[in-house]
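Following: one structure in structure tokens, then a few remarks.
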């Protein structure tokens, strides 16, 4: 063993050997020693409980903060995105001409479409005469 | 008195006598084993007392599977490891640097009798991870055999040699950076 850079007070080891009698402590303290252990155990249990409670508080606060601040934004964003998707169309209009002609006028409501318009559409859409007749008969 | 004779004495019913022999034989070695980790003499004294109380309480369960010497060292080493872990936790909660505190306590330690080189070495060793620090202290300062350290730390000789090598390289780097 190398020489330690630490020293001890004079007579330390002799004193230590003379006072190191654990059986005396056990005999003299007796039941009191048991109580001391119990107090220590309760104290330790309380410290553990406090540590666990503090840890849980941090965890819950962190979670609430994350969901309260970022979560609501995420929810809003999700809702907006979903609504945009729901009410969007891949092609803004059915008529391809509308893509190239921004001023293309689309009828605002069904009332603006006359029977003549429907007939013209059916005649020009390539539907057979029989089908056109049947559809017209149904509509009248 | 040999370890075998102490155990024999204990088993013959002279428990207190046997224990006194253990204290007489091992208190100095164990003190310096503990002192290398404890920040002050008072802490080392407390840890040494706790170690011997545990030895006294555990002696009835000593079956002789391990040597008394390594068994006693294992109890002392466990005390040291528990002490270091508690201390680390304390430093975490107090937001103070363990390293700075160790250095300042060493500077002010009235029981430190080493030179500047020893002080620098101790500070460098204190920066090592727990197990490397233990292995280095036991091998370098206490000049223990790897076989004994492996019994105490319940590890293989190969891994201890690797730990010692890593510790040695880190200390060498640390000390060369200081110069």
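Please work out the C-alpha center-to-center distance from the stretch B:103-179 to the stretch B:13-31 and express it in whole Å.
27 Å
Roughly how compact is the stretch B:82-179, stated as its Cα Rg over 2.2 N^0.38 Å to two decimals?
Values: Rg = 14.5 Å, N = 98, 2.2 N^0.38 = 12.6 Å.
Here the answer is 1.16, to two decimals.
Quantify how strongly other chains surround peptide A:18-25 by giving the mean number of their Cβ atoms within 10 Å of each of its Cβ atoms.
The per-residue average across the peptide is 5.
Could I have the simple spin-label model distance between residue A:113 and residue B:173, label points 7 Å from Cα toward Cβ, reported in nm to one decimal?
With each label placed 7 Å out from Cα toward Cβ, I get 7.8 nm.
If you build the Cα gyration tensor of the stretch B:67-114 and take the root of 5 times each eigenvalue, what three semi-axes come out, in whole angstrom, biggest first?
Equivalent-ellipsoid dimensions as semi-axes: 26, 18, 5 Å.
Under the rule of -39500 (n - 2.57) per DSSP H run of 4 or more residues, summed and divided by the residues of chain B, what mean residue ellipticity at 222 nm is obtained, to the nearest 500 deg cm²/dmol?
Mean residue ellipticity, 222 nm, calculated: -24500 deg cm²/dmol.
Fewest to most neighbouring Cβ within 10 Å: what's the order for B:69, B:10?
If I rank by nearby Cβ atoms, fewest first, I get B:69, B:10.
What is the helix-to-structure angle for B:98-108, meaning the angle in degrees between its Cα long axis and the longest Cα principal axis of chain B, kept from 0 to 90 and rounded to the nearest 10?
For helix B:98-108, the angle is close to 80 degrees.
Values in this text are rule-based calculations from the coordinates and carry no lab data. Since we're looking at a predicted model, the values are computed, not measured. So basically every Cβ, Gly included, is an ideal-geometry build from the backbone, and we count neighbours across all protein chains shown.
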